[in-house]
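Sharing a structure here in structure tokens format.
Just so you know, all these numbers are worked out from the coordinates, no wet-lab data involved. No experiment lies behind these values; they were computed from the predicted model shown.
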Amino acid sequence: MQLGAPIIVVWDNLNTHRTAGLRDYAADHDWLTIVQLPSYSPDLNPVEGVWSLLRRGPMANTAFTDPDHLTRTLRRGLTHIQRHPELNRRLPHRNRPDPQPRHPKLNRQGQ
């Protein structure tokens, strides 16, 4: 499949994202731009705050017996975060849902 447009990839600092092979590949293809996030950037990478809550909560000091155990624990932890708004306040403000979303008012006369 060919998209026909430039591609911009935004990556965190996972070690496989920083390999020389990937840097060389990006350098050889002018249609590909890679933007590297700073080491810890919860404002730019919203999942960082969620992972932080999970690592300190249900996943802390847990030896998972199998992939299903990990999946169940993650789902319970995510459900817990979702159902407890006080935990959401710990996430960076930009990443929290706005309780009163601002939508532009439609001008019905001009439509």
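Any chance you could check the Cα centroid distance between the stretch 23-37 and the stretch 63-88 for me, in angstrom?
One Cα centre to the other: 35 Å.
Quick query: amide H of Ile34 versus all other amide H atoms, modeled in the peptide plane; which residues come in under 5 Å with a sequence gap of 5 or more or a different chain?
For Ile34, whose amide H was placed from the backbone, the distant partners under 5 Å are Val9.
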